[in-house]
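Q: Handing you a structure now.
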Amino acid sequence: MSQTVYQVATWLIPLVIAIVFHEVAHGWVARLFGDPTAGQSGRLSLNPIRHVDPVGTIILPMGLALAGVPIFGWARPVPVDKRRLRNPRLHMMFVALAGPGMNFLLAALTFVALGGLLAAFGPKPTALVAFLNANLANFAIINVMLAVFNLLPLPPFDGGHVVEGLLPPSLGRRYARLARYGFPIMLVLLVVLPAISPRADYIPQLIGPPINWILDQGSRFLSLFV
């Protein structure tokens, strides 16, 4: 039981923090470009309770952690009204990129923190420092995974908003309508096709290489402190 609690703690806590910063970053950048909707809705707070989705932030991640498999999740999206942005097409792309950008920044800062702990305590730290190390290591992994996953060029993911802004206006509006089918499409790509054929596990094949490359760079950085 203690091992189960430890695993939940070292994955769920970093996940919640990463998701909250991801969502709030969207609201911060939207406000910067003229849309105060997130602030008016009280969603620019870093208080996790304001952003929790019972299923995506708690139930699903805890279930995956207890099952001993990598976890993922989501929070309630921060509201953004792109009509209130000063340049809706351009600024919405920056708003979309703010979430993954925040996750990449947090991952980079986390690797620096891990390097500092290695330099201070060495490869065999105390139990408390080992717990902190586990949280930080998982925090880095989760942030990289969230960033890359959300850059998939499919609505309603952040990458889909970027593609919408790059397309001609009429085509971009049609592309944005795919958002209503986003969940069924991802269900097919993540569950149905891999169940039919392992070779059809397209999403891991797409996002795995950049995730592994980024994490490898982080590991090389940490090796400087060993």
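The numbers here are math on the coordinates, done by the rules we state, and not lab data. Quick caveat, the model's predicted, so the values are computed rather than measured. Every residue, glycine as well, gets a Cβ built from its backbone with ideal geometry; the counts of neighbours run over all protein chains shown.
Q: What number, rounded to the nearest 500 deg cm²/dmol, is the helix-based mean residue ellipticity at 222 nm of the chain, given -39500 (n - 2.57) per DSSP H run of at least four residues and division by all its residues?
A: So the helix-based figure for the chain works out to -21500 deg cm²/dmol.
Q: Suppose R0 equals 30 Å. What FRET efficiency, 1/(1 + (r/R0)^6) with r the Cβ-Cβ distance, do Arg84 and Val188 give to the nearest 0.05?
A: Here the calculated transfer efficiency is 0.30.
Q: If I compute log10 I(q)/I(0) by the Debye sum over Cα atoms at q = 0.11, 0.17, 0.18 Å⁻¹ from the structure I just sent, which labelled value in [x] -0.50, -1.32, -1.50; [y] -0.62, -1.19, -1.28; [z] -0.62, -1.33, -1.42 lines up?
A: It is the one labelled [z].
Q: Extension gain Leu166-Leu128, at 0.36 nm per residue separation less the Cα-Cα distance, in nm?
A: 8.9 nm
Q: Relative to the longest principal axis of the chain, what angle (0 to 90°, nearest 10) does the C-alpha long axis of helix 88-121 take?
A: The helix 88-121 is inclined about 10 degrees to the chain.
Q: Now a separate question. Provide the net charge surrounding Gly27, with neighbours chosen by a C-beta distance below 12 Å and charges set as Lys +1, Arg +1, Asp -1, Glu -1.
A: Overall, the nearby charge balance is +1.
Q: Taking only C-alpha pairs under 8 Å that are 6+ residues apart, what is the relative contact order of the chain in percent?
A: Averaging sequence separation for qualifying contacts and normalising by length gives 21 percent for the chain.
Q: Based on the Cβ-Cβ distance from Leu178 to Leu60, what FRET efficiency comes out when R0 is 30 Å, to the nearest 0.05?
A: FRET efficiency, Leu178 to Leu60: 0.80.
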